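Enquirer: This is the structure I want to talk about, given as structure tokens.
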Amino acid sequence: MESLIDKTQLAEENQEELFEQVVKEYGKSIYIYIVSLVKHKELAEDLYQEVLISAYTSFGYFEDVHKVKSWLYKIALNKCRDYWRKEKSSKKFWEETVYTYARDTSVALEPEETLLCKCDKEEMIDTLGELPNMYKEPLLLFYYHNQTLVEISNHTKTPLSTVKTRMKRAKDQLKPKVMNKNIAYL
């Protein structure tokens, strides 16, 4: 596919029109590329805007017309990487918050509430028993033995990504069962 831009046009003063042509020609494919990387439409829209701003500010210095598309893809990839770095430093995405079962000692529970929590916990363990072992084990280690996902990965000698996947699938299988039984803490 022949590009709308040629070398003589870059030397001209109408950089805004040229950039507009570039966006019309490659904008949709760049946006789709960003969506494929981040898997979130609103985030992709924000990153796409950042890509366009960066490309626009640097467009006057860009010289190799035949590489405009790859240049835009590289900017998009770098913006996604910057986002991921920022997210990684602000939080560890593999750690989940452990639900505590009334461990707050400042609030004393009534005997009835304590009994209900115990019944719910036992009911949840029974419901977990219905899952296959490969899904049950990570949930038990995480929620009842307070292990992190990394510790579970080391304990089961399973890759971290597999542990995460099994946790998600186990929760997906548990959700309808728990909804039917009306267990209070899920």
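The values are calculated or read from the model by the stated rules, or taken from the named source; none is laboratory data. Quick caveat, the model's predicted, so the values are computed rather than measured. Don't worry about glycine lacking a Cβ; one is built from the backbone with ideal geometry, like all the others, and counts go over all protein chains shown. With ligands, DNA and RNA removed, areas are computed over all heavy atoms of the protein, side chains included. Shrake-Rupley method; radii C 1.70, N 1.55, O 1.52, S 1.80 Å.
Enquirer: Name the one entry in T158, T165 that is at pLDDT 80 or above, assigned to a helix (DSSP H, G or I) and within 17 Å of N133 (Cα to Cα). Spell out how you get there, then give the answer.
Expert: Values: T158 fails: assigned to a helix (DSSP H, G or I).
On inspection, the qualifying residue turns out to be T165.
Enquirer: Which residues, counting only those in the range 25-39, are small (G, A, S) and loosely packed, with under 12 Cβ neighbours inside 10 Å?
Expert: S36
Enquirer: In the range 17-27, is there at least one residue being within 24 Å of the chain's Cα centre (by Cα) and at pLDDT 90 or above?
Expert: yes
Enquirer: With the requirement that a residue be farther than 18 Å from I32 by Cβ and either assigned to a helix (DSSP H, G or I) or at pLDDT 85 or above (or both), what does the range 58-80 give you?
Expert: Keep residues of the range 58-80 that are farther than 18 Å from I32 by Cβ, which gives 58-67.
S58, F59, G60, Y61, V65, H66, K67 - these are the residues of the range 58-80 that are farther than 18 Å from I32 by Cβ and either assigned to a helix (DSSP H, G or I) or at pLDDT 85 or above (or both).
Enquirer: When you scan the range 134-155, how many residues do you find that are open to solvent by less than 70 Å² (accessible area, probe 1.4 Å) and in a helix (DSSP H, G or I)?
Expert: 13
Enquirer: Given (1) under 20 Å from R166 (Cβ atoms); (2) open to solvent by 80 Å² or more (accessible area, probe 1.4 Å); (3) at pLDDT 75 or above, identify the lone condition not met by F93.
Expert: Result: F93 fails condition (3) only.
Enquirer: Still on this structure, I have one more. Report yes if some residue within the range 40-56 is of a type in the set (A, V, I, L, M), modelled with pLDDT under 70, open to solvent by 60 Å² or more (accessible area, probe 1.4 Å) and part of a helix (DSSP H, G or I); otherwise report no. Before the answer, list the steps.
Expert: Initial filter on the range 40-56 (of a type in the set (A, V, I, L, M)): 43-44, 47, 51-53, 55.
If we keep only those that are modelled with pLDDT under 70 as well, we get none.
No; the residues of the range 40-56 include none that is of a type in the set (A, V, I, L, M), modelled with pLDDT under 70, open to solvent by 60 Å² or more (accessible area, probe 1.4 Å) and part of a helix (DSSP H, G or I).
Enquirer: Moving on. Pairs under 8 Å by beta carbon, first residue without any contact (Cβ under 8 Å) to a residue 24 or more places away in the chain in the range 19-39, partner of a type in the set (G, A, S) and part of a helix (DSSP H, G or I), six or more apart or different chains?
Expert: Y31/A44; V35/A44
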